[in-house]
Amino acid sequence: LALSAGALCCAAWSARRRALRIAWHVPAAGTVVLAAVIGSGAGAAACAGVVLYSLAAARARRRSVGLAGLGLATAAVAALGVALAKNALPSVLATPLEDRLSPHRVLLWRDALRLAESEPALGVGPGRFADFSPAPAQSPLPDGKPHAAVLQVGAEQGVVGVVLLAAAFCWLLYALWRSARPTQVVLAAGAALTAVAAMASVGNALSFTTVTAGVGLLAGIATAEPLADGPPHDVAAPADVRDGQR
């Protein structure tokens, strides 16, 4: 739903007419209602955040500030999850978070952190979290995952995996920053991708092929070069054609 909201907002800011931009934002806002109807509070919050961030980007001129804020937000959510797993948060904050996330999920996180600390360099091996942690077997529907991307990568692939994961996200933000697409398109896509990254930091979102494929598609939409009306490097062509702005 968050990716759908982001794609609709990108379509809105790609439209040339104001009426079309409003028309595309309407179904984007509808994803918030849909998430609420199906009972997904996190989905409703994520979709609302994407739509509001897209609307706030209307007057944005410096995408670097917006992308930096999205990066810091993702890092903060990931750090909060690690702190909760490490039992480093004050009880006034840790208790409501554990109640919201469920004690079993926090137990999975703590097992993942324990494994990451026992094998800090390379981890216990990809896909082997369930072999070393008894917590997944205690779930009614065990899937062998700790439901936190950073902690799972840290447990299974160590510091090397965490660094590569962080580098991939930073490279995505860099690609958005250098994109030739309008700033509003870039920020709308960045908001949706950040929402997915935040949910992956406290859940199992990236384990679904449709989600990872959607992430790649939306990132491609936001970073693809626009088609020019003529050869952009043909010095014999008029200036407006060379710039692809006929």
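So the values come out like this:
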{"quantity": "In degrees, nearest ten, helix 63-85 long axis to first principal axis of the chain (Cα)", "calculated": "10"}
{"quantity": "Solvent-accessible area per residue for the chain (1.4 angstrom probe, square angstrom)", "calculated": "55"}
{"quantity": "With every protein chain in place, the chain: carbon and sulfur % of accessible area (1.4 Å)", "calculated": "65"}
{"quantity": "For Trp13, solvent-accessible area (1.4 Å; no DNA, RNA or ligand), Å²", "calculated": "40"}
{"quantity": "Radius of gyration, Dmax [region 1-72; alpha carbons; angstrom]", "calculated": "12.6, 36"}
{"quantity": "Length released on extending from Arg59 to Val37, taking residue separation times 0.36 nm less the Cα-Cα span", "calculated": "4.8 nm"}
{"quantity": "Ranked order, Phe132, Phe169, Phe208 - accessible area, probe 1.4 Å, largest first", "calculated": "Phe208, Phe132, Phe169"}
{"quantity": "Acute angle (nearest 10 degrees) that the helix 91-101 long axis makes with the longest principal axis of the chain, alpha-carbon atoms", "calculated": "80"}
{"quantity": "With eigenvalues of the C-alpha gyration tensor scaled by 5 and rooted, region 124-222, Å", "calculated": "30, 15, 9"}
{"quantity": "Cα-based equivalent ellipsoid of region 60-179: semi-axis lengths in Å, sorted from largest, via gyration tensor", "calculated": "28, 19, 12"}
{"quantity": "The chain: angle of helix 18-37 to the longest principal axis, Cα-based, in degrees nearest 10", "calculated": "20"}
{"quantity": "Average projected area [Cα convex hull, the chain], square nanometres", "calculated": "15.7"}
{"quantity": "All-pairs alpha carbon distance profile, region 1-120, 10 Å steps from 0, percent", "calculated": "12, 30, 29, 20, 9, 1"}
{"quantity": "Debye, to nearest 20: dipole size of the chain, +1 on Lys, Arg Cβ, -1 on Asp, Glu Cβ", "calculated": "880"}
{"quantity": "Relative contact order (%) - criterion: Cα under 8 Å, at least six apart; region: the chain", "calculated": "24"}
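The values are calculated or read from the model by the stated rules, or taken from the named source; none is laboratory data. No experiment lies behind these values; they were computed from the predicted model shown. Glycine also receives a Cβ, built like all others from the backbone with ideal geometry; neighbour counts cover every protein chain displayed. SASA here: full protein model, heavy atoms, side chains in, ligands and nucleic acids out. Shrake-Rupley method; radii C 1.70, N 1.55, O 1.52, S 1.80 Å.
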